[in-house]
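Have a look at the structure below before the remarks.
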Amino acid sequence: MSEESEHDWATELSAAERVEAVALTVSEPRTANWIAGEADVAHETATKYLTRLVDDGKLSADTRGQQTTYAPDPVGQYLIEMRELYEDHSPDELATSLEEMNDQIRSWKMEYDVETPNELRASLSSAPDREDERARREAARKWEHLQTRRRLVEDALRLYDRFPREQHTAPA
């Protein structure tokens, strides 16, 4: 980060806003020290605001030994993503997306003659070569991702039953 952008960061956002911005965007659990460094605040300041974020349900905290790590709450993230799908896509767009995901999963099931991503991983020993092993491992990873996305899309579609929005026509 350049000195000028650090100055903007520190003057435009409060310490609490900086801690929240950093903590809610980490891709893996991080310690208060790491978050404090990224947010340009003292460790004690970061810990105070991280505790609030945990209490508010925005973060989860995991303590092992003397070290606590923080990460975005998975339920909160799921709900945010589901709401974004609901607000940004029509039911027809979501249904089309769901069909595409289902088609891809069906194709992996047929291609590898398995029913789950873990069965696909277990089939690595029957792969004819390293390239096929890599392809199977990658397909299993993508399959798990699609299963999560599929649940999100299904839940977003259910929101339309509970909270219909006739005026909703935003393009994907």
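The values are calculated or read from the model by the stated rules, or taken from the named source; none is laboratory data. Not measured: the values here are computed from a predicted model. Please note: Cβ atoms are built from the backbone with ideal geometry, for glycine as well, and neighbour counts cover all protein chains shown. Accessible surface is based on the protein model in full, side chains and every heavy atom, while ligands, DNA and RNA are left aside. Shrake-Rupley method; radii C 1.70, N 1.55, O 1.52, S 1.80 Å.
Structure data summary
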{"quantity": "Helices (runs of 4 or more DSSP H) enclosed by the stretch 63-157 - at least 2 residues per element that are over 27 Å from residue 29 (Cβ atoms) and touching a residue at least 12 places away in the same chain (Cβ under 8 Å)", "calculated": "74-88, 91-112"}
{"quantity": "Hits in the stretch 83-116 - residues which are over 25 Å from residue 160 (Cα atoms) and open to solvent by 80 Å² or more (accessible area, probe 1.4 Å)", "calculated": "106, 110, 111, 113, 115"}
{"quantity": "Among (1) modelled with pLDDT of 95 or more; (2) in contact with a helix residue (DSSP H, G or I) (Cβ under 9 Å, 6 or more places away or on another chain); (3) under 30 Å from residue 76 (Cβ atoms) - the single one residue 96 does not satisfy", "calculated": "(2)"}
{"quantity": "Residue in the stretch 42-51 that is open to solvent by 80 Å² or more (accessible area, probe 1.4 Å) and either touching a Cys at 6+ places or on another chain (Cβ under 6 Å) or at pLDDT 90 or above (or both) present", "calculated": "yes"}
{"quantity": "Test set (1) over 30 Å from residue 47 (Cα atoms); (2) modelled with pLDDT under 95 - residue 80 fails condition number", "calculated": "(1)"}
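Yes/no per residue for (1) under 30 Å from residue 153 (Cβ atoms); (2) in contact with a Pro (Cβ under 9 Å, 6 or more places away or on another chain); (3) open to solvent by 40 Å² or more (accessible area, probe 1.4 Å):
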site: 30; (1), (2), (3): yes, no, yes
site: 71; (1), (2), (3): yes, yes, no
site: 76; (1), (2), (3): yes, no, no
site: 81; (1), (2), (3): yes, no, yes
